[in-house]
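Colleague: This is the structure I have questions about; it appears just below.
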Amino acid sequence: MSQNVQSNVAMETFHYDNNIVKLFTYASLLWGIVGFLVGLTAAIELYLPEMSGSISWLVFSRLRPLHTNAVIFAFVGNAMFAGIYYSLQRLCKARMFSDFISKFHFWGWQTIIVSAALTLPFGITAGKEYAELEWPIDLAIAVVWIAFGINLFGTIVKRRERHLYVAIWFYIATWVTVTILHVFNSLEMPVTFLKSYSVYAGVQDALVQWWYGHNAVAFFLTTPYLGLMYYFMPKAAERPVYSYKLSILHFWALIFLYIWAGPHHLLYSSLPDWAQSLGTVFSVMLIAPSWGGMINGLLTLRGAWDKVRENPVLKFMVVAITAYGMATFEGPMLSIKSINALSHFTDWTIAHVHVGALGWNGFLSFGMFYWLIPKIFRTELYSKKLANAHFWVSFMGIILWVVPMYWAGITQGLMWKQFTETGNLLYPNFLETVTQIIPMYIIRSIGGTLFLVGSLIGVWNIIKTVKQGNEEKNEMAQAAPLTPNYKENKVQVHRILERKPLLFSLLTLVAILIGGILEIVPMQIIKSNVPTIPSVKPLTPLELEGRDVYISEGCYNCHSQLIRPFRSETVRYGEYSKVGEYVYDHPFQWGSKRTGPDLMREGGKYPDSWHYFHMLDPRSMSPGSIMPAYPWLLENTIDLSITPKKISAMRTIGVSYPDGYENDCITDYNAQAQKITKGLKDAGTGDLNPNSKLVAIIAYMQRLGTDIKGKATVGQIK
């Protein structure tokens, strides 16, 4: 941090707002325990599917998005805001720009989290990973995020410290980039108050989603935490950051390269090869700035390693930075196509993600809380022994979480690809790969339990620290105001830039827009990137409703709809997927994990009755299946009053339904539904309500993959 050279200037007295830091800290700890508990429940359900007890909002496919949103936006989000509000005031030597905005930000963010908890478990979802929240909540996120931006930049403008410290660079990049990502990925066509469709379709939607998804990891889970690392690590170690020049290289290289890497989530998919190649190249290059940041963090401890043994705060931070280094080595490695061919759709990816989530975000958050709570409450940490117990219990939890998942992921990838000497699949039944890794799922849940127990120890330690302390809500500070005619003896280019927050922010925007524009725009405007197939027609009204049920139930969390051009996949599932097959998919449903088999060519494989019994009791049709039962689909019905609105909304965003078809769609819906229910009754299922959600999802499943055969299915739109 630079120091203003002041002479004969009166010092100004002001107060730091510690109360807002405390509120975000409390919220982070509360939602963290909730998120970890939901994740543990979901992990156990993977080998005990009956655990949900046929309660719709407890089923794995509903809990999984609740878990990811709770950990990312509730636990990490609140921790990020706590750290930013604490450090920004001290780095700027100024109170936050507006106490009202600070409170609005806090309560607005908690309202968004509660809204997610009240919608996702009940099947109200947009169906896009890490962006599942429906459009009214997306709007609320935008409003609260803009309020945070006003507070952030307002505080920077009124600062008493001339130069922007490196942590603030990362805070600025976080706000600028997340704003762009959220706006463009959340462009939706509303149908009702809690239902919408993505304006993008198929491969275009996939690219935008993973441009957002990867960079949500980059600019929500990484860049703000790097800023926190650059502030709290030197504070805890009582050492300056190792290298200012390395900080500059780390920052600009990271934000420029990161934004290009999204397509590495879509390797061997229907995405054009040029986009896949860009994702791979820039992902591999990312290891340089990422490890530059890790090295800068760890070498900050030079001469202070003895403190690590004694100081639990440093223990958490050292493991956090090491986990960051591991995750940012593995990410580029998994972006290499030959390795991705083995790892994608497996639990290997899940292990990789949790090294970052538990190690990097989790441990850095707790290390930060252990440091700042005693500062705010003017006391010592209640118990170093409890903090060390928290560290070791949670550390063992991480090991027992990720190691079995690496084992499971590699096992899955190898088993899926094995052929016999005669050229047949060695494991043709997908369930063989599932039952093989059940022991790994059990060990993973033990690791999750340990991490949760460690977190509870940490929360108890912080509660006791708070109780023994004396809160300083408004901490008095003094600093000299900036002098307009201040000049430095030695001027560096980047030091000049650090004086100009607006210019700095604009250059940051340019750095992150280059990659985004060059990848996203060609996919949206160049038609040759999305060739169509004449035989691919829009879904019928019943099939469209069935697809919405599929999305609502979270089926995409366990099943993919993307067959890659590998012999092992075409033999197992059928012809590889084509770009033109997805032109009417709003949103796309390629998935990112195969807990169950791919469903791209599911249509016509089994009779309707098989799907009927499979949804009600999966193990009756597939012994050993870990899929939960969905009995509520039999009783719950489709709201036909909304179906015409869905048809109209789909046509507005490019689906080729005939003009005025919303006036006739219910007739077609009923005709197709009656045909299915009659067939089911003849198969011995008994009378069935044609408006049942089960009928709709059966219709959708039977349509999947049939268009490229050039045959019109029953009720298909001509």
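Colleague: For the ranges 201-211, 237-247, 405-415, 263-273, what's the packing order if you count other beta-carbon atoms within 10 Å of each residue, average per peptide, and put the highest first? Walk me through the numbers before you get to the answer.
Modeller: Details: 201-211: 25.2, 237-247: 15.7, 405-415: 20.3, 263-273: 22.6.
Those peptides, ordered most packed to least, come out 201-211, 263-273, 405-415, 237-247.
Colleague: Using only Cα atoms, tell me the angle between helix 273-285 and the longest principal axis of the chain; keep it within 0 to 90° and round to the nearest 10.
Modeller: With both axes taken from Cα atoms, the answer is about 30 degrees.
Colleague: For the ranges 366-373, 251-258, 459-466, what's the packing order if you count other beta-carbon atoms within 10 Å of each residue, average per peptide, and put the highest first? If you can, show how the numbers build up before the last one.
Modeller: On the way: 366-373: 26.1, 251-258: 22.2, 459-466: 18.6.
Per-residue Cβ counts within 10 Å, averaged per peptide and sorted highest first, yield 366-373, 251-258, 459-466.
Colleague: Step through the residues of segment 409-417 one at a time and calculate ³J(HN,Hα) from phi using the Karplus curve (6.51 cos²θ - 1.76 cosθ + 1.60, θ = phi - 60°), rounding each to whole Hz and writing x for Gly and Pro.
Modeller: Per-residue couplings from phi come out as x, 5, 4, 4, x, 6, 5, 4, 9 Hz.
Colleague: Sticking with this one: Tell me the Rg and the Dmax, in Å, that the Cα atoms of segment 220-364 produce.
Modeller: In order Rg, Dmax, the Cα atoms of segment 220-364 give 16.3, 53 Å.
Colleague: While we're on this one: Taking 8 Å as the Cα distance limit and 6 or more residues as the minimum spacing, I'd like the relative contact order of the chain as a percentage.
Modeller: Values: 1174 pairs, mean separation 125.2, N = 718.
Relative contact order for the chain comes out at 17 percent.
Colleague: Report the calculated FRET efficiency for LEU518 and LYS681 (r = Cβ-Cβ distance, R0 = 45 Å), to the nearest 0.05. Don't skip to the answer; put the middle values down first.
Modeller: Numbers: r = 56 Å, r/R0 = 1.24.
Efficiency for this residue pair is about 0.20.
Colleague: Counting alpha carbon pairs within less than 8 Å and at least 6 residues apart, what relative contact order, in whole percent, applies to segment 541-709? Display every interim value, and only then the final one.
Modeller: Working: 221 pairs, mean separation 57.6, N = 169.
Rounded, it is 34 percent for segment 541-709.
Colleague: Can you give the angle from 0 to 90° between the axis of helix 363-376 and the longest principal axis of the chain, with both taken from C-alpha atoms, to the nearest 10?
Modeller: In the chain, helix 363-376 runs at an angle near 40 degrees to the longest axis.
Colleague: Which lysines, if any, have their Cα less than 18 Å from the Cα of LYS417, not counting same-chain residues under 8 positions apart?
Modeller: Correct list for LYS417: LYS337, LYS593.
Colleague: I'd like to know how segment 11-75 sits against the 2.2 N^0.38 Å rule of thumb: what's its Cα Rg over that expected value?
Modeller: Details: Rg = 17.8 Å, N = 65, 2.2 N^0.38 = 10.7 Å.
Output field value: 1.66.
Colleague: Right, another one. Express the relative contact order of segment 611-678 as a whole percentage, based on alpha carbon pairs under 8 Å and six or more residues apart in sequence. Don't jump to the answer; show the numbers that get you there.
Modeller: Working: 40 pairs, mean separation 13.1, N = 68.
Value for segment 611-678: 19 percent.
Colleague: Between ASN424 and ALA671, what is the label-to-label distance in nm when each label sits 7 Å out along the Cα-to-Cβ direction?
Modeller: The modelled label-to-label distance comes out at 4.4 nm.
Colleague: Moving to a separate point now. Label segment 541-709 by shape, choosing from rounded, prolate and oblate, from the square roots a ≥ b ≥ c of the eigenvalues of the Cα gyration tensor; if a/c is under 1.5 it is rounded, and otherwise prolate applies when a/b is larger than b/c, oblate when it is not.
Modeller: Details: a/c = 1.78, a/b = 1.10, b/c = 1.62.
Oblate.
Colleague: Let me ask you something else. What is the helix-to-structure angle for 541-552, meaning the angle in degrees between its Cα long axis and the longest Cα principal axis of the chain, kept from 0 to 90 and rounded to the nearest 10?
Modeller: 40
Colleague: Now for a different question. Please report how far the C-alpha centroid of segment 132-153 lies from that of segment 347-393, rounded to the nearest whole angstrom.
Modeller: 27
Colleague: Test of understanding: extend the Cα→C-beta vector of PHE566 to 7 Å, then name every residue of segment 335-356 with backbone N under 14 Å from that spot.
Modeller: 335-349
Colleague: Once you list every other residue whose beta carbon is under 13 Å from the beta carbon of ILE666, what net charge do they have if Lys and Arg are +1 and Asp and Glu are -1?
Modeller: On the way: positive: LYS645, LYS646; negative: GLU545, ASP639, GLU662, ASP664, ASP668.
Neighbourhood net charge equals -3.
Colleague: Would you mind putting 278-290, 601-613 in packing order, based on average other-beta-carbon counts within 10 Å, highest first?
Modeller: 278-290, 601-613
Colleague: Here's a follow-up. ASN470 to LYS384: extension gain in nm, 0.36 nm per residue of separation minus the Cα-Cα distance?
Modeller: Working: separation 86, 0.36 × 86 = 30.96 nm, distance 1.91 nm.
My answer for the length gained is 29.0 nm.
Colleague: At 222 nm, what value in deg cm²/dmol follows for the chain if DSSP H runs of at least 4 each add -39500 (n - 2.57) and the sum is divided by all its residues, to the nearest 500? All intermediate terms of the calculation are to be shown ahead of the outcome.
Modeller: On the way: 29 runs with 428 residues, N = 718.
Here the helix-only value at 222 nm equals -19500 deg cm²/dmol.
Colleague: Once amide H atoms are built 1.01 Å from N in the peptide plane, which residues 5 or more positions from THR637, or in another chain, come under 5 Å H to H?
Modeller: Distant-sequence amide H within range of THR637: LYS693.
Colleague: Continuing with this model, one more query. Give me ARG62, ARG378 sorted ascending by neighbouring Cβ count inside 10 Å, so fewest comes first. Mind dumping the intermediate values first?
Modeller: Values: ARG62 23, ARG378 11.
Going from least to most buried by this count: ARG378, ARG62.
Colleague: Hey, another quick one. Across the Cα atoms of segment 164-235, what radius of gyration and what greatest pairwise Cα-Cα distance (Dmax) are found, in Å?
Modeller: Considering segment 164-235 through its Cα atoms, Rg and Dmax are 15.9, 51 Å.
Colleague: Let me ask another. Could you list which residues have their amide H under 5 Å from that of PHE419, counting only those 5 or more apart in sequence or on another chain, with H placed in the peptide plane?
Modeller: The answer is LEU426.
Colleague: Amide H of ARG95 versus every other amide H placed in the peptide plane: which residues, excluding those fewer than 5 positions away on the same chain, fall under 5 Å?
Modeller: HIS15
Colleague: Can you tell me how much longer the chain between ARG239 and ILE442 gets when fully stretched, taken as 0.36 nm per residue apart minus their C-alpha distance, in nm with one decimal? Please report the intermediate quantities before stating the final value.
Modeller: On the way: separation 203, 0.36 × 203 = 73.08 nm, distance 4.26 nm.
In short, 68.8 nm is gained.
Colleague: I'd like the distance between the alpha-carbon centres of segment 645-702 and segment 90-124, rounded to an integer number of Å.
Modeller: 41
Colleague: To continue, here is another question. For LYS22, go through the lysines and keep the ones whose alpha-carbon is under 24 Å away, minus same-chain ones fewer than eight residues off.
Modeller: LYS93, LYS103, LYS158, LYS235, LYS315, LYS375, LYS384, LYS385, LYS464, LYS467, LYS473
Colleague: For segment 139-152, in order, what is each residue's ³J(HN,Hα) by Karplus, 6.51 cos²θ - 1.76 cosθ + 1.60 with θ = phi - 60°, in whole Hz (x at glycine and Pro)?
Modeller: Along segment 139-152, the couplings run 5, 5, 4, 4, 5, 5, 5, 5, 4, 4, x, 4, 5, 4 Hz.
Every number here is computed from the coordinates shown, using simple stated rules; none is lab data. All values derive from a computational prediction rather than experimental measurement. Every residue, glycine among them, receives a Cβ derived from its backbone with ideal geometry; neighbour counts consider all protein chains shown.
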